[in-house]
1. Any residue in region 94-106 that is farther than 30 Å from residue 176 by Cα, at pLDDT 95 or above and in contact with a strand residue (DSSP E or B) (Cβ under 9 Å, 6 or more places away or on another chain)?
2. Do the conditions hold for residue 104, that is, is it part of a strand (DSSP E or B), within 13 Å of the chain's Cα centre (by Cα) and in contact (Cβ under 8 Å) with a residue 12 or more places away in the chain?
3. If we keep just the residues of region 18-72 that are at pLDDT below 95 and assigned to a helix (DSSP H, G or I), which is nearest to residue 221 (Cα to Cα)?
4. Quick check: anything in region 78-91 surrounded by 14 or more Cβ atoms within 10 Å (Cβ to Cβ), closer than 27 Å to residue 130 by Cα, at pLDDT below 95 and out of contact with any strand residue (DSSP E or B) (no Cβ under 6 Å at 6 or more places or on another chain)?
5. Is there any pair linking a residue in region 165-188 that is at positive phi to one that is surrounded by fewer than 24 Cβ atoms within 10 Å (Cβ to Cβ) and assigned to a loop (DSSP other than H, G, I, E, B), with Cβ under 6 Å and at least six apart or on different chains, and which?
C-alpha cells in the first residue's frame, strides 16, 4: 500500500439521525442495518457517545453488541437480547461459523473474476487505528472476493467474503490488491478517496445459527449504492 492517509488526531462526529432500521427481531436477537457514519459502540469522548448500541438500548434495554462495523461502513449488525444468546453468538463469530458478504465499489478495473487475499494484519500503532500488513507479526487475515460488475469509468463492484474478521481487513486487503475502496479516508489514494462522499462498503448478508435450536438463518440488508 503506497498511499495510506494518516488518520486525524480528532474528527467531527456528525452521525445521521435515521430511525432504527430493524431487519428482524425475536425473543433472542435483533438484526439491524446500521447507517454509514454511525459508531457501533460509544467512543471515549462525550461527543462520541451516540452509537447504534445506545440507540437500540433505548427500545431494547437488554440488547448487547456481538460484533462491530467501522463507523463509515453500513449494513447488517446483530445484537443479543440476553447473556446466554450473547455467549452463543460471540462463540459463533469467534469460531468462524458465521458467513458474511459485503458489497464494495473499488477503484480501477479488476482483471480477474475472483480471488483470495491472504495477508496478515497488525495495528500500525503510531498511526492507530490504521492497520498494516506484517508477515512476521501480523495475525492471519483472508478475504475471498468476486467481481459483480465492471462499471464505466474504471470502477468495479465486488462481493467480499471475509474468512477472518480483523480490524479494517476489507479496506486494507482491497488497497493491497491495488483497488482501494472508493471514499476510504484511511487507505485510498487521493483520487479514490474523493471519488465518493462516503465509504463504498456495505455489510450485505449475514448467516448465523439461531441460538434457540440451532437452525441456520440468513439476513440481507439492501445496499444503497
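The values are calculated or read from the model by the stated rules, or taken from the named source; none is laboratory data. Nothing here was measured: the structure is a model prediction, and the numbers come from that model. FYI the Cβ positions are ideal-geometry reconstructions off the backbone, even for glycines, and counts take in every protein chain you see.
1. Among the residues of region 94-106, not one is farther than 30 Å from residue 176 by Cα, at pLDDT 95 or above and in contact with a strand residue (DSSP E or B) (Cβ under 9 Å, 6 or more places away or on another chain), which makes the answer no.
2. Working: part of a strand (DSSP E or B): yes; within 13 Å of the chain's Cα centre (by Cα): yes; in contact (Cβ under 8 Å) with a residue 12 or more places away in the chain: yes.
Against the criterion (part of a strand (DSSP E or B), within 13 Å of the chain's Cα centre (by Cα) and in contact (Cβ under 8 Å) with a residue 12 or more places away in the chain), residue 104 qualifies.
3. 48
4. Looking for residues that are surrounded by 14 or more Cβ atoms within 10 Å (Cβ to Cβ), closer than 27 Å to residue 130 by Cα, at pLDDT below 95 and out of contact with any strand residue (DSSP E or B) (no Cβ under 6 Å at 6 or more places or on another chain), one finds none in region 78-91, hence no.
5. Once the first residue is at positive phi and sits in region 165-188, its partners that are surrounded by fewer than 24 Cβ atoms within 10 Å (Cβ to Cβ) and assigned to a loop (DSSP other than H, G, I, E, B) give 183/196; 183/198.
This table checks each residue for (1) assigned to a helix (DSSP H, G or I); (2) modelled with pLDDT of 95 or more; (3) under 26 Å from residue 95 (Cα atoms).
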{"site": "171", "(1), (2), (3)": "yes, yes, yes"}
{"site": "188", "(1), (2), (3)": "no, yes, no"}
{"site": "196", "(1), (2), (3)": "no, yes, no"}
{"site": "218", "(1), (2), (3)": "no, yes, yes"}
